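The values are calculated or read from the model by the stated rules, or taken from the named source; none is laboratory data. Not measured: the values here are computed from a predicted model. Don't worry about glycine lacking a Cβ; one is built from the backbone with ideal geometry, like all the others, and counts go over all protein chains shown. Note: accessible area is taken over every heavy atom of the protein model, side chains too, but ligands, DNA and RNA are not part of it. Shrake-Rupley method; radii C 1.70, N 1.55, O 1.52, S 1.80 Å.
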Amino acid sequence: MKCSASLTVQYDSVFSPFPAKRWKEGMSWIKSSGFDAVEIILSDPKLLPTDEIQNLLLQLDLAVSTLSTGQAAGLEDLSLMSPSRDVRVHTVERLKEDIDFSVELGRPHVTIGLIRGKGGRLSFEDEYALLCRSLYEVANYAHKQSVVLNLEPINRYECLHLNKSSAVIQCIEDIGSPENVGVLFDTFHSNIEDPDMVSTITMLSGRISHVHIADSNRRLPGEGHIDFHVLKEQLEKINYAGYVSLEVLNDPSAEHIVEYAAEKLFTIFR
Ligand code: LER
Ligand code: MN
């Protein structure tokens, strides 16, 4: 399978084994470790040195699997379901900028995870309606630019909406089933929320646009209790052809990730 690893290029991230200021070194590590692509963690694409990033990607012959956009929610309180119209408009705008940045980088997918907001400020129904309205607009924009969006189920301890994979499927239907919106299957979240990961993958057949790999404790695969071999088999059965992308904490250390990431991922997925 095509393998990718997460790396921040703007602000430090718990999912990046290199700090933002060492992003060039991080990309070289990703290439020399044998990954096919980088998953770029970013916050505000307008502030990024686009040319420098493009040049290094070209020089390294490294693809971009996905743009991870959630950092902007933590740093700037962005949310697609905020009670504030200004915040919602600003968040939709940011995602449109992320989509434009994707076009400049050759159209990697754009993820909608925590940038949708954590929820809990209005009634569940009102927030869900706002979320669907905002998502509809972003999906439409992405469709015009031929960019795929990964809508990510995220566990209940991080946000209130779209926790289970089935909730994301329902949401995609509620916004009219745009063909350019898929599900980001994250093994860490699915292990918490879905009844059974293998049958969930079957249920998501044809709908998965990206996969995040982390074990049950959000460490490297093999360091927790998820059986990745059966998940890989099931992904193959449904003919999943996208990336499996490492999204793990620097646990026990960033050095540990740098040393073992490729070995642990490739042992299962290659
Ligand atoms: C992002 O992909 C993710 O999985 C969230 O849990 C971020 O905290
Ligand atoms: Mn994830």
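In terms of the mean number of neighbouring beta-carbon atoms within 10 Å, the peptides 52-61, 200-209 order highest first as 200-209, 52-61.
With springs only between Cα atoms under 10 Å apart, run a GNM on the chain and tell me which of Asp44, Asp12, Asp77 wobbles the most. Looking only at Asp44, Asp12, Asp77, the biggest GNM fluctuation is shown by Asp77.
Less than 5 angstrom separates the built amide H of Gly117 from those of Leu80, all sequence-distant by 5 or more or on a different chain. Taking only the C-alpha atoms of segment 2-269, Rg followed by Dmax gives 17.3, 50 Å. Solvent-accessible surface of segment 123-270, taken per residue with a 1.4 Å probe and all protein chains present: 43 Å². Expressed as a whole percentage, what fraction of the accessible surface of the chain belongs to carbon and sulfur atoms when a 1.4 Å probe is rolled over the protein heavy atoms? Looking at the chain in its full context, I get 50 percent from C and S. Fully extending the segment from Arg156 to Arg85, taken as 0.36 nm per residue of separation minus the present Cα-Cα distance, adds 23.1 nm.
Of all lysines in the structure, the ones whose alpha carbon falls short of 26 Å from that of Lys2, not counting any fewer than 8 places away in one chain, are Lys24, Lys31, Lys164, Lys232, Lys237, Lys264.
Per residue, segment 1-97 exposes 42 Å² of accessible surface when a 1.4 Å probe is rolled over the protein heavy atoms with every protein chain present.
Modelled label positions at Ser33 and Leu122, each set 7 Å beyond Cα in the direction of Cβ, lie 4.1 nm from each other.
How much length is gained on full extension from Gln54 to Asp196, taking 0.36 nm per residue of separation minus their Cα-Cα distance? Full extension from Gln54 to Asp196 adds 47.1 nm.
3J(HN,Hα) along segment 24-31, derived from phi through the Karplus expression 6.51 cos²θ - 1.76 cosθ + 1.60 where θ = phi - 60°, amounts to 5, 4, x, 5, 5, 4, 4, 5 Hz, with x in place of Gly and Pro.
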